[in-house]
Structure formats: C-alpha cells, structure tokens
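> Before we start, here is the structure in question, set down as structure tokens.
The values are calculated or read from the model by the stated rules, or taken from the named source; none is laboratory data. Just so it is clear, the model here is predicted, and its values are computed rather than measured. We place every Cβ from the backbone using ideal geometry, glycine too, and count neighbours over all the protein chains shown. What goes into the accessible areas is simple: the full protein's heavy atoms, side chains included, and nothing from ligands, DNA or RNA. Shrake-Rupley method; radii C 1.70, N 1.55, O 1.52, S 1.80 Å.
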Amino acid sequence: MTDAEENACEPVKRPPNEYRQWLIAAEQKAQDDFDKAVLSLSGGALGISFVFVKDIVGPDAILEPILLLLSWVGWGLSSLAILSSYFFSHLALRRAIRQCDDGSIYSNTPGGIFARITSNLNALGAVLFVAGVCFMAAFIYVNLSSQGKQHVRQEAVQPAKPAINSPTKPSAIGKAQ
C-alpha cells in the first residue's frame, strides 16, 4: 500500500483556527436548536394529551390515570434530558475550543467527558419520549375501549323507544298482528 492510499483513509485535518471558528458556529447553532427542540417535544406531546383528556375522555371517569401520569413524567424527563444535553453540549464545545487553542485536540477526544455525557443524554431523551408515547397509547386504548363497552352496555340496557308516529295503543298493535 502506498503512502497516498494510507493517507486517503485519514480524515482531513483542518487548521486549528478554522476548526475553532467551526466550533463557535456549532455552539451558536446548538443554542438555537435548543429552543425548537424543547418547545416541540414538551409542548406538542403535553398539549395533545391535554386535548385528548378534555375532548375525547370528557366528563367520563378516567381509567388508569397512572398511565397518563407516567406519560407526562416520561415527556417531562425527556425534556429535562434534552435540556441537560444542550447544556453539556455547550460545555463540550467550550472544552473542544480550549483543546484547539492548547493543541491537545488531536491527542484527546474533542469535548472530553462532556461530549460523552451529551451523547448519552440525547439517547436517554429519545428513550423517555418513546416511553411517554407508549404510556399515552396505553392510556388512550384503555379509555377508548372502555367508552365503547359502556356505549354497548347502554344500548343493551335501554329498551328501544317507539317512534313518534307509530301506533301506541295496544289494540292497534294487536290488530296489526
């Protein structure tokens, strides 16, 4: 294998100054994305769940409210994990900028421990969000299937009401048979 072939597999190294500028731009973008992620995740999921409880379940008794609570806790913790992720991302970028400045960027993991924490918090946030969705789906299933069963029971218990224009006298019904 020639030297050119060996070097072709290595990542292109940017000069430290250019890389530092890129890190600063990435830090600013991460802060901008933070607001969007938190609003989309917590606001959307919680808002939909409130609308569901208000409009779909309505005044009926809520069955298995623990499922609803667990979905809210999952989404809340997911938002907290993402919020923490952005904070640690900020710290990782700052550390990488310092590593770039002191020349240790090529010998150490850029961002150090903060980069690993950020990655783990992102994964945790996604898992907690999905858990919240699963709990909400179970809550919806339990409450909607219960409403369907109650509707069927009400129809079975209530006798059929006669139509307004139908004959109501027993003699008229008896003569018709």
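> Being more than 28 Å from residue 82 (Cα to Cα) and not in a helix (DSSP H, G or I) is the filter here, so list the residues in segment 102-117 that pass it.
Listed by number, the residues that qualify are 103, 107.
> Kindly indicate whether residue 159 is modelled with pLDDT under 90, assigned to a loop (DSSP other than H, G, I, E, B), open to solvent by 50 Å² or more (accessible area, probe 1.4 Å) and farther than 30 Å from residue 17 by Cα.
Against the criterion (modelled with pLDDT under 90, assigned to a loop (DSSP other than H, G, I, E, B), open to solvent by 50 Å² or more (accessible area, probe 1.4 Å) and farther than 30 Å from residue 17 by Cα), residue 159 qualifies.
> Quick one: residue 19 ticks every box in (1) in contact with a Gly (Cβ under 9 Å, 6 or more places away or on another chain); (2) at pLDDT 80 or above bar one, so which box is it?
Residue 19 satisfies all of (1) in contact with a Gly (Cβ under 9 Å, 6 or more places away or on another chain); (2) at pLDDT 80 or above except (1).
> Can I ask one more? It is to be established whether one or more residues within segment 15-24 are in contact (Cβ under 8 Å) with a residue 40 or more places away in the chain, open to solvent by 50 Å² or more (accessible area, probe 1.4 Å), touching a His at 6+ places or on another chain (Cβ under 8 Å) and over 28 Å from residue 145 (Cβ atoms).
no
> Test residue 105 against the stated conditions and say whether it is buried (at least 18 other Cβ atoms within 10 Å of the Cβ) and either closer than 14 Å to residue 26 by Cβ or touching a Pro at 6+ places or on another chain (Cβ under 9 Å) (or both).
yes
> Also, quick follow-up: Restricting segment 41-58 to residues that are crowded, with 18+ Cβ neighbours inside 10 Å and at pLDDT 80 or above, which is farthest from residue 141 (Cα to Cα)?
Top of the filtered list is 45.
> Quick one: how many residues across segment 118-129 are touching a residue at least 12 places away in the same chain (Cβ under 8 Å) and under 9 Å from residue 85 (Cα atoms)?
Here the count works out to 4.
> Can you tell me which of 127, 142, 152 is at pLDDT below 90, part of a helix (DSSP H, G or I) and on the phi < 0 side of the Ramachandran plot?
On inspection, the qualifying residue turns out to be 152.
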